[in-house]
Structures are given as structure tokens and as C-alpha cells.
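To start, the structure itself, in C-alpha cells.
The values are calculated or read from the model by the stated rules, or taken from the named source; none is laboratory data. These numbers were taken from a predicted model, which means no experiment stands behind them. Cβ placement follows ideal geometry from the backbone for every residue including glycine, while neighbour counts extend to all protein chains displayed. The protein model used for the area step is the full one, side chains on, heavy atoms only, and it has no ligands, DNA or RNA in it. Shrake-Rupley method; radii C 1.70, N 1.55, O 1.52, S 1.80 Å.
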Amino acid sequence: MGSGFLNRLEKPVDICQIAAAAGAPYVTRSSSYAPDLVDEIVAAIRYEGFSLIDMWGMCPGRYTKRNKLTPKMIDAGLEALPPFKGPVASNQRPEYGQGYCAITGQMKAPAGPAKVAARFTPPTSGRQEVLILGSAGQRIVTAGEIFCLAGMTAGWHASLKNDYPITVLRGHSVSEMVLAPEPIDYTGIDRPSVVVALADEGVGRRKQLLAQLGSETLILKAAGVNLPATGATVQEIDFKADKIKVQDWALASLGLLAKRNLVISMEMLKAALEMRFKKEILATAKELVDRVSE
């Protein structure tokens, strides 16, 4: 064939055999010149499940004059291949949508989402933006969740965005939280109220933002963490002096914010801990936030 001079050495791929081997329940091979082609297409569309038609024809766009392929040659090529005509007996099963509807119809309905009651008065008013800049293993994401839950106990709306690489226990970990008395349309953080800097990896991800901050932003920086030049108000925290492990620094930072009534209060924080943890872990978390020094 004039249009096939570049691929004569390759073994042809039989899409029908591949599809059937992969579990396709309806596979048909047909010539585009077959008298019943329309019926084949209608049957494939009406089939309840995945269907495939391997349709053989000629491309009129190129090599039309040089291409010696004819409908009879197409029929001969089809006859030389394993026949496929509609449903594949070994692959028959319920259509996925209908099958899963039947399964879920027999399952117990899940409980609705837990409601967070507004019980407390927040120590601040207006939109509050907070950043936690850390590294993998410091439980930054968990701290972000707890912070948002704490805000919700005061009736605030909350948003949380996390930034971390695909690598496991390596690299940066950043959480961006917004609390506001009104619905949050824009979740970006341009002028955070508070930044908690716990690791160089997280700081490196927000260097440009930190460099643009003014004195109205408070940065709580763990001892040993390096910051770029910034106009923000910087206070250093020595977690090691309180014998707090690196993996607990993020939660300890929330305890520090709560003790200072910065964005959240201690009663808001402990209510959030009670929603997030149970039994021994809850007791340990409460002891940690109480122990951190102001």
C-alpha cells in the first residue's frame, strides 16, 4: 500500500485482541464499507457498558491515487484476523454505573459531616491570614487543620491550602490558613497577620513574600531558622529550651499563639484538639500546648 511504506517491518497491533484481553465487554471488527455498518454503530452505542468498533477503511486525504487498497482487500484482511462481533462472552458483567448503584443501594448511608458549633468569641476581628513554614515530618498540615477547626469554634469561615513535594518525609511543608467572619472568596495570602517559621525549607518557599512584609506582620521564628531580609516584626522561639521535639513544633506554635491571644484563644485551640484527637493523643496534645513558654 502506498500509505504504508514506512511501517512494513512492524508487527501490526490488533486493537480488538488488546481490548478484549483488557476486559472490554463489547468489541466489533468491521469494514467501513459493510452494509450493516450503521447497525453496528447503533448497537455499540446502545450497549450498556464500554464498547469498541475497529473500523477498517481507506483515507482519502493522501496517497489516493497510489493506494491500491480496495474494499475487497479490506474484507480479505478482516477474514484473516480473529473475528470480533459484539459482546465478548468472557467479559460480560454489570455496567459500572448500574453495578455500583446496586452495591451502594445495599450499604448503610454514611453519617453527615460533623458540625462545628460556634461557642467562643475570637480574640481578634476581621480577616486573619496565617502561614506556617516548615519541613516534612513537622506535622505542618495537621497543625493547619487544627488551626482552622479552632477558628470555626468561634463562628469563623476557614480555608486551608497546603504546599509540599511528592517526596516522602523530605523537603518543605507549608500551610496557608485564612479565618474570616464572612465567606472567603479569595484564599490567597498577601499580607499575613502571623508567620510561623519552623524550618529553612519552608522559609525558602516563601522568600519573596517574607521580603515584602511590613512591621504589622509578626514572624515567630524557631531558633536556628534563617530568614531573608524583611520588614516584619521578628520574635525568636527556643522550643528546645522547653524540651519540645521538632515534630511537635507546629502544634506548640499554635499553643503559643493561643496563649498570646493571637488570632485564636486557648479555649478555641483546646476545643479543636478535642475534635481532632482522642484519649492518650489528646491528653499529650493538651499538655504540649500548655507547656510551651510565652
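Carbon and sulfur: what percent of the stretch 150-279's accessible surface (1.4 Å probe)?
Numbers: 3070 of 6230 Å².
Of all accessible area on the stretch 150-279, carbon and sulfur atoms account for 49 percent.
How large, in percent, is the carbon and sulfur part of the accessible surface of the stretch 74-146 at a probe radius of 1.4 Å?
Numbers: 2840 of 4780 Å².
Carbon plus sulfur share of accessible area: 59 percent.
Could you please state, rounded to a whole Å, how far the C-alpha centre of the stretch 65-89 is from the C-alpha centre of the stretch 180-253? The two parts, judged by their Cα centres, are 68 Å apart. Note on Ala229 and Asp290: with the Förster distance fixed at 30 Å, the Cβ-Cβ geometry gives a FRET efficiency of about 0.25. Surface exposure of the stretch 227-294, expressed per residue as accessible area with a 1.4 Å probe, stands at 51 Å².
Each Cα pair of the stretch 106-251 feeds into the Kirkwood radius, which the Stokes-Einstein equation turns, at 20 °C and 1.002 mPa s, into a diffusion coefficient of 132 µm²/s. Distance between the 7 Å Cα→Cβ label points at Arg276 and Gln212: 2.8 nm. When each of the peptides 268-277, 234-243, 19-28 is scored by how many other beta carbons lie within 10 Å of its residues on average, the order from highest to lowest is 268-277, 19-28, 234-243. Name the residue, out of Arg66, Arg206, Arg260, whose mean-square fluctuation peaks in a Gaussian network model built on the chain with Cα pairs under 10 Å. Checking each option, the largest mean-square fluctuation is seen for Arg66.
Mean 1/r over all different Cα pairs, inverted: what Kirkwood radius does the stretch 86-179 give, in Å? List each step's numbers first, then the result.
Working: mean 1/r = 0.0579 Å⁻¹.
After inverting the pairwise mean of 1/r, the radius is 17.3 Å.
Over the stretch 142-224, the hull volume per residue, using the convex hull of the C-alpha atoms, is 117 Å³.
When both bridge partners sit in the chain, DSSP labels roughly 50% of those beta bridges antiparallel.
Distance between the 7 Å Cα→Cβ label points at Arg191 and Cys101: 5.3 nm. Quick check for you: which residues of the stretch 84-119 have the amide N under 18 Å from the point 7 Å beyond the Cα of Arg46 toward its beta carbon? 85-88, 95, by backbone N distance to the label point.
Diffusion of the stretch 37-128 by Stokes-Einstein, at 37 °C in a medium of 0.692 mPa s and with Rh set to the Kirkwood radius over alpha-carbon pairs, works out to 164 µm²/s.
Using the Stokes-Einstein relation with a Kirkwood hydrodynamic radius computed over Cα pairs, the translational diffusion coefficient of the chain at 4 °C and a viscosity of 1.567 mPa s comes to 53 µm²/s.
Please quote Rg/Rh for the stretch 66-109 to two decimal places, taking the Kirkwood radius as Rh and restricting both calculations to Cα atoms. With Rh from the inverse mean 1/r over Cα pairs, Rg/Rh is 1.42.
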